[in-house]
Amino acid sequence: MTRFNPIESLAKARHEFGEHGGVNASIESSVTFTVMRADKMPELFHGAATPEQGCYLYGRHYNPTVIHFARMLAAMEGTEAAHCTASGMGAISGIALQLCDTGDHAVVSRAIYGGTFALFSRYLPKKAGITATFVDVTNFAEIEAAFTPRTRLLYVETLANPTLVVADLPKLAEIAHRHGALLVVDNTFSPLIFAPAQLGADIVVHSLTKFISGGADSVAGAVCGPRALLDPLYDVNEGSLMLLGPTMDPRIAFELSLRVPHLPLRMQEHSRRAQVFAERLEAMGLRVRYPGLPSHPQHELFRSLANPEFGAGGIIALDLETSDRAARLMESLQLEERFGFIAVSLGYFDTLMSASATSTSSELPLEDRDRAGLSEGLMRMSVGYTGSLEQRWEQLERAVRKIL
Ligand SMILES: *Cc1c(COP(=O)(O)O)cnc(C)c1O
């Protein structure tokens, strides 16, 4: 089998021109669109007249600029379609509510983004009567046992936030499908590195806020998959995106569409630097979790599933044992070395550092944090690519020596 190549897929995607022949697509900022004949309007409402036929209705529904960007994301993931949303959480909550009705159930990885954990553990049970069982994605027996006749989806992250556990997507897809459920995968940490839909995932969600934006300047999300699963999201009577309204603004779609062509170069550089730092930090005796290291528990699995052109990603998890040591290292790196910033989020061109247990994963109860392997001294580093690699390493090494 030849491996899916996201770069070639992107290049093959329809090439579009701006309305004056510009090399960039135009921004269509209109929120409402004319019809030439009055009898066309009802067809738009029933979904009989579609954007593919050049028919648009209203900005919360479909917008040409947003669709243009969505086509790039679908090409990148190798899915039939994609829909863009105002945030990653907009995509995740939208698809969860679309696939599950009241009384339905989800099997969810315990090692996930804190907001997603709160959605499945607190918000959906309380507001919608959709329940979830949290599992260790590497424990297939536990996963099997969690399915109920009402389980509609298995939800995982390809590289878990922040523990970098690798999900065995072909195996998880097989389990989900055997139970009549769908596999939904958050690929935010590993765009291009993994193509989850090629490995069995039914739906791929992204927070575009991170690597795909790369500028820490826009909040955005997307859901990618087959039309049969995605089009209901825009149903005027029952569509979660249509009715809850996490719509992407066309100006954001335009901005982000200019970032996708250089995403491959950026991912390669994030990964190249993270790999070097991970190896050198480990050699200094630190406990480093990085899928590109042979010491990572799923290193071989990672290598068998990942697209080798893009390395092992830009995120390193350092277990510094105590939150005090993590705080001292981050402060030294920010204030003395000017190596990076103490800030949440990831995928930025500069390095961002945070202590996950007390920030982006603080939604997880202590017991679940322990079970997810998330110690209080865990420092997540999203490795940037400004400055030279050796200059950055000198700064990092000096700061690390101070806490050893
Ligand atoms: C940030 C993040 C989200 C949420 O995305 P927003 O764009 O902030 O709504 C979801 N999943 C993962 C893995 C993330 O890192």
Would you call R122 open to solvent by 60 Å² or more (accessible area, probe 1.4 Å) and either in a strand (DSSP E or B) or within 11 Å of the ligand (Cβ to nearest atom) (or both)?
-> no
Note on Q268: of the conditions (1) polar (S, T, N, Q); (2) touching a strand residue (DSSP E or B) at 6+ places or on another chain (Cβ under 9 Å); (3) without any contact (Cβ under 8 Å) to a residue 60 or more places away in the chain, unmet is (2)
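Tell me the residue from L183, L172 that is crowded, with 23+ Cβ neighbours inside 10 Å and assigned to a strand (DSSP E or B), please. Quick ask: steps written out before the conclusion?
Numbers: L172 fails: assigned to a strand (DSSP E or B).
After ruling out the rest, the residue left standing is L183.
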Matching residues in the stretch 1-42 (without any contact (Cβ under 8 Å) to a residue 12 or more places away in the chain and not in a helix (DSSP H, G or I)) number 15
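Test E321 against the criterion of being closer than 25 Å to F117 by Cα and more than 21 Å from the chain's Cα centre (by Cα), and give yes or no. I'd like the intermediate steps shown before the answer.
Values: closer than 25 Å to F117 by Cα: yes; more than 21 Å from the chain's Cα centre (by Cα): yes.
Taking the combined requirement at face value, the residue satisfies it.
Out of S271, S304, S332, which single residue is modelled with pLDDT of 95 or more, buried (at least 21 other Cβ atoms within 10 Å of the Cβ) and either within 22 Å of the chain's Cα centre (by Cα) or assigned to a helix (DSSP H, G or I) (or both)?
Values: S304 fails: buried (at least 21 other Cβ atoms within 10 Å of the Cβ); S332 fails: buried (at least 21 other Cβ atoms within 10 Å of the Cβ).
On inspection, the qualifying residue turns out to be S271.
V137: open to solvent by less than 30 Å² (accessible area, probe 1.4 Å) and either outside the structural domain of D202 (by TED's automatic domain parsing) or under 27 Å from R3 (Cβ atoms) (or both), yes or no? Steps first, please.
Details: open to solvent by less than 30 Å² (accessible area, probe 1.4 Å): yes; either outside the structural domain of D202 (by TED's automatic domain parsing) or under 27 Å from R3 (Cβ atoms) (or both): yes.
Yes, satisfied.
Looking at this structure, is R3 basic (K, R), modelled with pLDDT under 90, more than 16 Å from the ligand (Cβ to nearest atom) and farther than 22 Å from L256 by Cβ? Outline the logic, then answer.
Details: basic (K, R): yes; modelled with pLDDT under 90: yes; more than 16 Å from the ligand (Cβ to nearest atom): yes; farther than 22 Å from L256 by Cβ: yes.
Judged against the criteria, R3 is a match.
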Within the stretch 43-63, how many residues are free of Cβ contacts under 8 Å to residues at least 60 places away in the same chain and within 31 Å of the chain's Cα centre (by Cα)?
-> 9
With (1) more than 11 Å from the chain's Cα centre (by Cα); (2) small (G, A, S); (3) within 16 Å of the ligand (Cβ to nearest atom); (4) open to solvent by 10 Å² or more (accessible area, probe 1.4 Å) as the list, and A228 as the residue in question, which single condition is left unmet?
-> (3)
Hey, P149 assigned to a loop (DSSP other than H, G, I, E, B) and buried (at least 23 other Cβ atoms within 10 Å of the Cβ) or not | no
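Among the residues of the stretch 121-132, is any of a type outside the set (A, V, I, L, M, F, W, C), closer than 27 Å to G78 by Cα and at pLDDT 95 or above? If you could, list the steps in order and put the result at the bottom.
Residues of the stretch 121-132 of a type outside the set (A, V, I, L, M, F, W, C): 121-123, 125-127, 129, 131.
Checking which are closer than 27 Å to G78 by Cα leaves us with none.
Within the stretch 121-132 (the criterion being of a type outside the set (A, V, I, L, M, F, W, C), closer than 27 Å to G78 by Cα and at pLDDT 95 or above), the answer is no, since none of the residues qualifies.
Rundown of residues vs (1) outside any loop (DSSP other than H, G, I, E, B); (2) open to solvent by 10 Å² or more (accessible area, probe 1.4 Å), yes/no style:
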| residue | (1), (2) |
| --- | --- |
| L44 | yes, no |
| Y62 | no, yes |
| T65 | yes, no |
| A70 | yes, no |
| L73 | yes, no |
| G103 | no, yes |
| I112 | no, no |
| F117 | yes, no |
| A132 | yes, yes |
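Using the structure shown, decide if S87 is within 11 Å of the ligand (Cβ to nearest atom), modelled with pLDDT of 95 or more and open to solvent by 10 Å² or more (accessible area, probe 1.4 Å). Step through it out loud before you land on a result.
Numbers: within 11 Å of the ligand (Cβ to nearest atom): yes; modelled with pLDDT of 95 or more: yes; open to solvent by 10 Å² or more (accessible area, probe 1.4 Å): yes.
Yes; evaluated as a whole, the condition is true for this residue.
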First in the stretch 272-288 and under 23 Å from E309 (Cα atoms), second anywhere and assigned to a strand (DSSP E or B) and of a type in the set (G, A, S), Cβ under 9 Å, 6 or more apart | A274/S382; V288/A317
Check L256, L243, L233 and return the single one that is part of a helix (DSSP H, G or I) and either open to solvent by 10 Å² or more (accessible area, probe 1.4 Å) or farther than 20 Å from E77 by Cβ (or both).
-> L243
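The values are calculated or read from the model by the stated rules, or taken from the named source; none is laboratory data. Computed from a predicted structure; not experimentally measured. Backbone-built Cβ (ideal geometry, glycine too); neighbour counts: all protein chains shown. For the accessible areas, the whole protein counts, side chains as well, though only heavy atoms, and no ligand, DNA or RNA atoms are used. Shrake-Rupley method; radii C 1.70, N 1.55, O 1.52, S 1.80 Å.
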